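What follows is one structure encoded as structure tokens, with my remarks underneath.
The values are calculated or read from the model by the stated rules, or taken from the named source; none is laboratory data. Everything numeric here is computed off the predicted structure, so don't read it as measured data. Reconstructed Cβ throughout: ideal geometry from the backbone, glycine too, with neighbour counts over all protein chains shown.
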């Protein structure tokens, strides 16, 4: 849904959850300066309160999309409960066997390990049963809100705002250009060093040949007749 003020709508949402005897499982709010913010809440509300809660929720803003699905966990619930009963019977038999055991120490340790394994499976199944019971008692509602109060339209802005936006774009382009040139110089530096090493002998040889020619030319100059 879209709302005029995300802060105000969020407070009303929390009050609504408390009034319907639910709780907030998680909250996430984000956004950037100058742009509309958005928020997401995952809520747990009693099944008996779901219909009235949903009706009250639609009063907080303009609903854009709505999705509803359900899952029947009745069969799984009774299946898990049956597994727990069977495991508890197995646990009782192992405990009885351990109390009247006359076997060796190795046999007793083996029975204790088996008893520990069965107990672990029972606890795991009981945890699953509690989760299924919670799912049948509470419903999960995910609410996503998009704020429109702080939205700045692309058109209809003042000249100063447009000039400031243009300046920011220009400065950003200059920064990108300077960064690009700096990176280009860094990339060319190793090649320039390699080129200098390769060309150095030729430059030295050319310099020496030029110096030698200049010395020969100076040596062949005629003497001044006035001397």
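Examine segment 11-20 for a residue that is over 15 Å from residue 59 (Cα atoms) and assigned to a strand (DSSP E or B), and state whether such a residue exists.
Within segment 11-20, none of the residues are over 15 Å from residue 59 (Cα atoms) and assigned to a strand (DSSP E or B).
Considering each of 109, 94, 131 in turn, give the residue that is in contact with a helix residue (DSSP H, G or I) (Cβ under 6 Å, 6 or more places away or on another chain), part of a helix (DSSP H, G or I) and either over 30 Å from residue 70 (Cα atoms) or not assigned by TED's automatic domain parsing to the domain that holds residue 26 (or both).
On the way: 109 fails: in contact with a helix residue (DSSP H, G or I) (Cβ under 6 Å, 6 or more places away or on another chain); 131 fails: in contact with a helix residue (DSSP H, G or I) (Cβ under 6 Å, 6 or more places away or on another chain).
Of 109, 94, 131, the one residue that is in contact with a helix residue (DSSP H, G or I) (Cβ under 6 Å, 6 or more places away or on another chain), part of a helix (DSSP H, G or I) and either over 30 Å from residue 70 (Cα atoms) or not assigned by TED's automatic domain parsing to the domain that holds residue 26 (or both) is 94.
Identify, please: which residue in segment 9-24 is touching a residue at least 60 places away in the same chain (Cβ under 8 Å) and touching a helix residue (DSSP H, G or I) at 6+ places or on another chain (Cβ under 9 Å) and is, among those, surrounded by the most Cβ atoms within 10 Å (Cβ to Cβ)? Break it down into steps so the answer makes sense when it comes.
First, pick out the residues of segment 9-24 that are touching a residue at least 60 places away in the same chain (Cβ under 8 Å): 9-10, 13, 22.
Pick out the ones that are also touching a helix residue (DSSP H, G or I) at 6+ places or on another chain (Cβ under 9 Å) and you get 13, 22.
Numbers: 13: 22, 22: 19.
That would be 13.
For the subset of segment 50-72 comprising residues that are touching a helix residue (DSSP H, G or I) at 6+ places or on another chain (Cβ under 9 Å) and either more than 21 Å from residue 147 (Cβ to Cβ) or surrounded by 13 or more Cβ atoms within 10 Å (Cβ to Cβ) (or both), which member is modelled with the lowest pLDDT?
We begin by selecting, within segment 50-72, every residue touching a helix residue (DSSP H, G or I) at 6+ places or on another chain (Cβ under 9 Å); these are 53, 56-57, 59-61, 63, 66, 68, 71.
The next check asks that each one be either more than 21 Å from residue 147 (Cβ to Cβ) or surrounded by 13 or more Cβ atoms within 10 Å (Cβ to Cβ) (or both); those that pass are 53, 56-57, 60-61, 68, 71.
Working: 53: 92, 56: 91, 57: 90, 60: 89, 61: 87, 68: 83, 71: 68.
Among those residues, the one meeting the criterion is 71.
Looking at 144, 149, 117, which is the one that is at pLDDT 80 or above, surrounded by 10 or more Cβ atoms within 10 Å (Cβ to Cβ) and outside any helix (DSSP H, G or I)? Give the derivation first.
Numbers: 149 fails: at pLDDT 80 or above; 117 fails: outside any helix (DSSP H, G or I).
Of the residues listed, the single one that is at pLDDT 80 or above, surrounded by 10 or more Cβ atoms within 10 Å (Cβ to Cβ) and outside any helix (DSSP H, G or I) is 144.
Looking at (1) at pLDDT below 90; (2) loosely packed, with under 15 Cβ neighbours inside 10 Å; (3) farther than 30 Å from residue 2 by Cα, can you tell me which one residue 129 breaks?
Here residue 129 clears every test but (2).
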